[in-house]
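The values are calculated or read from the model by the stated rules, or taken from the named source; none is laboratory data. These numbers were taken from a predicted model, which means no experiment stands behind them. Cβ atoms come from the backbone with ideal geometry, glycine included; neighbour counts cover every protein chain shown.
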Amino acid sequence: MSENMEIEQARQILDSVKACFADKKVNLSKLSGLDVLSVKKCDLEADFSELPSELRNKIEHVTLTQSYTSLGKKKVSVDVEKQTASFFSASLKLQSGKNLFELSLFDKDSEFLGTAAFELTYKSFFREWNETIFIALALALIIRALIIQAFWIPTGSMEPTLLGQLTERFSQKVTRPGDQILVSRCAYVMDFSLDGRLPFLPRIPIKLPKRGDVVVFRFPIEMPGEPPKDYIKRVIGLPGDKVQVYNFEVYVNDQILKEPYIKDPPFYDYGPVTVPEDSLFVLGDNRNNSSDGHDWGFLPLSHLKGQAVLIYNPFKRFGPIKSIDPMPDNITK
């Protein structure tokens, strides 16, 4: 038999077989391997009365094999019930995933007459939920890494703008929870490397922070044996700026900053220094109780994570985190 004749015969055989599931009957020739069944059991009804007589009159018995992969590839025989000379039926138990079937026809002398292969795909409820959960987790990770991320404020280094957690000295009872905030991860950079976890993917800069932005970043000094820490501070100096702290004032490019957001004026002197082109200079709003640029130097732009934009908890403090440019020409009188 030529290849074209075999293909045509296989098509005719599949046209004669119906899959019965969920009160539906569908010809196998009209079922695509891409169609996914939501039921595990499926019945086959094969009516060969429409086959060409030279093939139909010779059919004596039918075999049906099922192949699937479940803890290794398996191939099993399916019981086929003969009801009349031209009518056969079988009950299938589908395994999760692809199920490959081969229907073979034989005459009374067990001589092979023809074959047809078909595929049914079943997705179990458990697998469907697993896929849904996996997709949800993947989306959550993408949103967290690239769009928005929640942070908790444990210390008072940014008071009064952001409040840290307070505990009683001896009992360690929490008397004030730290603010919980949202940080825009795409304000300054699209970090496809996921904070360096995927170093082969890029960090794409979008824009520089503005002076007065409250930013979250990875602490620029690595501590042996300790995981990286995230800090939050306010941008004071941009690349190329001259910064100095002197006589309880902060100077940028020889101008005294007007800073309505600080808790107290700084009781230390620092600089003057010039901010490198690849860095920022940052300070905490609680100037005298903050580990910041006056302690450890400049913040490399490569360590920048995002911009703090919203306090969402506790609810009584709900509101935006304002960026205030402290240069004198930008202060509203």
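So, of the residues in region 1-24 that are more than 15 Å from S104 (Cα to Cα) and of a type in the set (K, R), which turns out to be modelled with the lowest pLDDT? This residue is K24. For region 100-114, the criterion of being farther than 20 Å from I59 by Cα and either touching a Gly at 6+ places or on another chain (Cβ under 8 Å) or in the same structural domain as C42 (by TED's automatic domain parsing) (or both) is met by at least one residue. Annotation: of all residues in region 126-149 being without any contact (Cβ under 8 Å) to a residue 40 or more places away in the chain and not in a helix (DSSP H, G or I), the one that is surrounded by the most Cβ atoms within 10 Å (Cβ to Cβ) is I148.
State yes or no: is V273 in contact (Cβ under 8 Å) with a residue 12 or more places away in the chain, over 25 Å from I153 (Cα atoms) and part of a strand (DSSP E or B)?
Taking the combined requirement at face value, the residue satisfies it.
Evaluate region 294-312: report whether one residue or more is free of Cβ contacts under 8 Å to residues at least 24 places away in the same chain, part of a strand (DSSP E or B) and surrounded by fewer than 19 Cβ atoms within 10 Å (Cβ to Cβ). There is no residue in region 294-312 that is free of Cβ contacts under 8 Å to residues at least 24 places away in the same chain, part of a strand (DSSP E or B) and surrounded by fewer than 19 Cβ atoms within 10 Å (Cβ to Cβ). Return the pair list, or none, for Cβ contacts closer than 7 Å from residues in region 203-231 that are assigned by TED's automatic domain parsing to the domain that holds D191 and at negative phi to residues that are assigned to a loop (DSSP other than H, G, I, E, B) and of a type in the set (V, I, T), at least 6 apart or on different chains. These pairs meet every condition: V214/T161; V214/I321.
Scanning region 101-114 for residues that are assigned to a strand (DSSP E or B), in contact (Cβ under 8 Å) with a residue 12 or more places away in the chain and surrounded by fewer than 16 Cβ atoms within 10 Å (Cβ to Cβ) gives a single hit, E102. Quick check, is S89 at negative phi, loosely packed, with under 15 Cβ neighbours inside 10 Å, in contact (Cβ under 8 Å) with a residue 12 or more places away in the chain and outside any helix (DSSP H, G or I)? Judged against the criteria, S89 is not a match.
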